[in-house]
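The values are calculated or read from the model by the stated rules, or taken from the named source; none is laboratory data. Since the model is a prediction, treat every value here as computed from it, not as a measurement. Every residue, glycine among them, receives a Cβ derived from its backbone with ideal geometry; neighbour counts consider all protein chains shown. Note: areas computed on protein heavy atoms with side chains; ligands, DNA, RNA excluded. Shrake-Rupley method; radii C 1.70, N 1.55, O 1.52, S 1.80 Å.
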Amino acid sequence: ATCHGATFDGYKSLIVSLVHGTELQRARALFRIYDKNGRGSFGYEEAREVYETFFMTSRPVMKMLDMGENPRAIKDRIRPHLNFALHQMFTAVDPGNTGRITLQAFCVGLREGKILPIHAFDKVSASLSHIRPLSLCLCLSVS
């Protein structure tokens, strides 16, 4: 079965790579999350979509949505912070200013802690001022 181009086997392979893979296998698995079309690199907008998707499916945001909060208003509040963080990440990982991050640059950036972690949230905050970056899971750290 597929969902938006993803298959269960592909999802299973991703999880196995993240949990049991070598450093390079974990980095490649993470890279595929960003490089959805398989071009070998991803750009700013692709990265923004990944982070917004993880943010919008976090437990605190889901609770706000259940209370009637407007999804667009939530995205509008976090977008300036996300844009700033992504700008810093692309400046650090894409020194040639190509606007694309390749697998090689991603692996180096991940190892050096320059890749913006996928965000998780441990407390609900109406102002969203208590956002703390946490790894998606322990296997995200490849250092």
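What to note about this one:
- Computed extension length for GLU49-GLU69: 5.2 nm, one decimal, from 0.36 nm per residue of separation with the Cα-Cα distance subtracted.
- For the stretch 4-111, with +1 on Lys and Arg beta carbons and -1 on Asp and Glu, the positive-most of VAL93, LEU65, ALA27 along the dipole: ALA27
- Proportion of all alpha-carbon pairs of the stretch 43-127 beyond 16 Å (%): 55
- Estimated distance in nm for a label pair at ARG111 and ILE15, the labels positioned 7 Å out from Cα along Cα-to-Cβ: 2.9
- FRET efficiency estimate (nearest 0.05) - Cβ-Cβ, PHE8 to HIS81, R0 30 angstrom: 0.30
- GLU69 sits among other residues whose Cβ lies under 14 Å from its own Cβ, and their net charge, with Lys and Arg +1 and Asp and Glu -1, is +3.
- The residues of the stretch 43-127 present an accessible area of 59 Å² per residue when probed at 1.4 Å with all protein chains retained.
- Carbon and sulfur %, accessible surface of the stretch 43-127 computed with the full protein complex present, 1.4 Å: 56
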